[in-house]
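The values are calculated or read from the model by the stated rules, or taken from the named source; none is laboratory data. As the structure is a prediction and not an experimental result, all values here were calculated from the model. Glycine gets a Cβ as well: all are built from the backbone with ideal geometry, and neighbour counts include every protein chain shown.
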Amino acid sequence: MLEDLKPGAYGEVTWKVLEEHCTRRGQYDIFSTPSMVRLLETAGIEALKPYLSAEQASVGTRIDVRHLAPTLKGMSVRAVATVREVERRRIVFDVEIFDDVEKVGEALQERFIVDLDRYTQRLEQKRGNEKA
């Protein structure tokens, strides 16, 4: 399935901007940059869903984001993550983020495909090495 993933594949996610997505600037609640990062990562995850088996997932490894304009609480924001590059398990996306009025962000996102069994084993091993 992953072998079918090609540049041009995309995922899209739309959210309504709620209070928990916002930061306060003066008298305005506006969409925060951390929330924008979460939105664009979600779009990348959605883009990969049709290409992953039930034993696979993706993890984010790099984000370079530009927050271009503010978005008010109550507006909609939409992220479109388009595959730019596929290098084995490394996937690079170009992401654009829009609100109801304009383009408000753009990003480069990199994700890696992981096998859940191996990834879970690594987490369990790390848990066993935690310092008290």
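General remarks:
Rundown of residues vs (1) surrounded by fewer than 15 Cβ atoms within 10 Å (Cβ to Cβ); (2) modelled with pLDDT of 95 or more; (3) touching a helix residue (DSSP H, G or I) at 6+ places or on another chain (Cβ under 7 Å), yes/no style:
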position: Arg90; (1), (2), (3): yes, yes, no
position: Phe98; (1), (2), (3): no, yes, no
position: Val104; (1), (2), (3): no, yes, no
position: Ala107; (1), (2), (3): no, yes, yes
position: Ile113; (1), (2), (3): no, yes, yes
position: Leu123; (1), (2), (3): yes, no, no
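- Take the conditions (1) at pLDDT below 95; (2) under 19 Å from Met1 (Cα atoms); Arg84 misses just one of them, which is (1).
- Residue in region 60-67 that is polar (S, T, N, Q), within 30 Å of Arg24 (Cβ to Cβ), surrounded by fewer than 15 Cβ atoms within 10 Å (Cβ to Cβ) and within 19 Å of the chain's Cα centre (by Cα) present: no
- Val83 being crowded, with 17+ Cβ neighbours inside 10 Å, in contact with a Ser or Thr (Cβ under 8 Å, 6 or more places away or on another chain) and either part of a loop (DSSP other than H, G, I, E, B) or not acidic (Asp, Glu) (or both): no
- Answer residue from region 54-88, given it is among the small types (Gly, Ala, Ser) and out of contact with any helix residue (DSSP H, G or I) (no Cβ under 8 Å at 6 or more places or on another chain) and is farthest from Ala9 (Cα to Cα) among those: Gly74
- Within region 3-24, the set of residues being more than 21 Å from Leu108 (Cα to Cα) and either exposed (fewer than 10 other Cβ atoms within 10 Å of the Cβ) or modelled with pLDDT under 95 (or both) comprises Glu3, Asp4, Glu19, Glu20.
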